1. Report, ordered by the first and then the second residue, all pairs with beta carbons closer than 9 Å, sequence separation of six or more or different chains, a first member in segment 181-193 that is touching a residue at least 40 places away in the same chain (Cβ under 8 Å), and a second member that is within 12 Å of the ligand (Cβ to nearest atom) and part of a loop (DSSP other than H, G, I, E, B).
2. If you go through segment 371-385 one residue at a time, how many are basic (K, R) and either within 11 Å of the ligand (Cβ to nearest atom) or assigned to a strand (DSSP E or B) (or both)?
3. Could you identify the single residue in L294, L325 that is of a type outside the set (D, E), at pLDDT 85 or above and not in a helix (DSSP H, G or I)?
4. Given the options E194, E170, E160, E164, name the one that is closer than 27 Å to E298 by Cβ, away from the ligand (no atom under 15 Å from the Cβ) and not hydrophobic (A, V, I, L, M, F, W, C).
5. So which residues in segment 295-311 are over 17 Å from K129 (Cα atoms) and more than 9 Å from the ligand (Cβ to nearest atom)?
6. I'd like the full set of residues that are part of a loop (DSSP other than H, G, I, E, B) and out of contact with any strand residue (DSSP E or B) (no Cβ under 8 Å at 6 or more places or on another chain), limited to segment 28-47.
7. With (1) in contact with a strand residue (DSSP E or B) (Cβ under 8 Å, 6 or more places away or on another chain); (2) closer than 27 Å to F320 by Cβ; (3) not aliphatic (A, V, I, L, M) as the list, and N80 as the residue in question, which single condition is left unmet?
8. Filter segment 234-257 down to the residues that are aromatic (F, W, Y) and under 19 Å from L109 (Cβ atoms), then identify the one that is modelled with the highest pLDDT.
Amino acid sequence: MEILGLISVPTWLFCLCLILLSLYIYTTWCQSVWKKLGVPGPKPVPFLGILNRLFKQNVNDVDMDLHKQYGRVVGVYHGNIPVLLVTDPELIKQITVKEFSNFTNRFNLIYPGEIMENGVNVALDDHWKFLRNTLSPTFSTGKLKNMMPLIQNNINTMLEIISEKSSKGESMEMKSLFGGYTMDVIASTAFGLEINSLKNPDDPFVNHAKIFFSGSFTGPFIMLQFMFPRLTSLFSVLKISFFPKKLSAFFANVINKTIQMRKEDPDTNKDFLQLMLNTEKERIDSGGKHIKGLTRNEIYGNSLIFMVAGYDTTANTLTFGSYCLATNPDVQDKLIEEIDREIADKPLGYENVMSLEYLDMFISEVLRLWAPTPRFPKSSSRVPPELLKEFFIKPKNGMILITLNSSTFHASST
Ligand code: HEM
């Protein structure tokens, strides 16, 4: 093939250049949203946006830098997906409180798979509302109180390990200790299993959970969806997920076995799994209204979500909490004094713990310093025009994605 009769170019090379040029035009077009709307932000890398920075650096550090450089509202791209980073406390309050009804959805950058899409923190709009209303009662004070014996068993195991190690003068890796404890609590409360991972690190549940948390199953599908956001809908229709079927089948099987055992011995009514099972059948409430229950996929999905949402958050908070106590002995003394004064002669229980004011303040401070969930991703197709003005954006049709960054917010307010 000849171009303008001047140079002879092989057809394959010409096609390759054409494809590369089209891809470049596509990414430039996707990454032009914030510039057109006048939102400040860093120059995006074609197809990556700021992903290259997020792969290399800690997300908190990246967000802090962006906040310092560009201010309270920053336009960035995850791949080709526009994301607005909001770090202004008043705007965050507006989104999470006043305008919450318009921001119930998280943004699903990737298709999470048939089971995970039924989780309350993935589901959208009315499905989210239904799941939230159905699951919220499982977190009532009374229900949590019933779970206390399960939690107490796991605390006892952890304390045994701590006293054994300390009697020998051995040191402990706190993240593994609290990680094991948290996994045991989740396995017993969300899956109805006693796994004792601290003593049986090779238990199949522990091994599968480790793969789950390592994120080693992430791969090219995720990157493809970041680069070509519209593929997410296609992946969803074709049911192509980044989450390996083997892993979800394992956890579904664990739940099925437990359910089977419960049918033979229906005397268990104290964990999240049973509370979800209790809603499985359609019921009639006191006003004669039909109440839809959870489907089996919703039960699988939300058991997994409890694991996703509860594991790292709790284990990291406990780990950083122990670090704070070790490095601030005066705080440790004050905490011990409060516990001795308030509950030393009472059984460990939900209400007793709730009376510990200094403990509450201490945990809040640990969460402020080391936020385990630095971002609150929200998305909305119904952003109120008044709020857009607050973002310095002229109202425009279409979806705006918003990321609230609690760690930058915390850091900027200290
Ligand atoms: C220190 C511990 C924890 C922290 C800091 C934490 C933090 C958060 C945050 C920031 C959100 C997002 C809220 C929003 O977007 O408006 C969230 C949602 C959620 N968390 Fe936690 N969490 C913790 C522990 C747990 C535990 C132990 C569980 C489960 C047993 C859990 C289950 C959930 C669920 C299901 C959601 C989604 C709620 C919804 O979409 O309606 N979290 N958490």
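The values are calculated or read from the model by the stated rules, or taken from the named source; none is laboratory data. All of these numbers come straight from a predicted model, not from anything done at the bench. Quick reminder, even Gly has a Cβ in these numbers, built from the backbone with ideal geometry, and neighbours come from all protein chains shown.
1. Close Cβ pairs (under 9 Å, with a partner that is within 12 Å of the ligand (Cβ to nearest atom) and part of a loop (DSSP other than H, G, I, E, B)) amount to S188/D271; T189/D271; A190/D271; F191/D271; G192/D271.
2. Initially, segment 371-385 is screened for residues basic (K, R), giving 375, 378, 382.
Checking the rest, the ones that are also either within 11 Å of the ligand (Cβ to nearest atom) or assigned to a strand (DSSP E or B) (or both) come to 375, 378.
The number of residues fulfilling the criteria is 2.
3. Details: L325 fails: not in a helix (DSSP H, G or I).
The unique qualifying residue is L294.
4. On the way: E170 fails: closer than 27 Å to E298 by Cβ; E160 fails: closer than 27 Å to E298 by Cβ; E164 fails: closer than 27 Å to E298 by Cβ.
When all the criteria are applied, what remains is E194.
5. R296, Y300, S303, L304
6. S32, G38, K43, P46, F47
7. In the conditions (1) in contact with a strand residue (DSSP E or B) (Cβ under 8 Å, 6 or more places away or on another chain); (2) closer than 27 Å to F320 by Cβ; (3) not aliphatic (A, V, I, L, M), N80 misses (2) alone.
8. Keep residues of segment 234-257 that are aromatic (F, W, Y), which gives 235, 242-243, 250-251.
Checking which are under 19 Å from L109 (Cβ atoms) leaves us with 235, 242-243.
On the way: F235: 79, F242: 71, F243: 74.
Taking the candidates together, the pick is F235.
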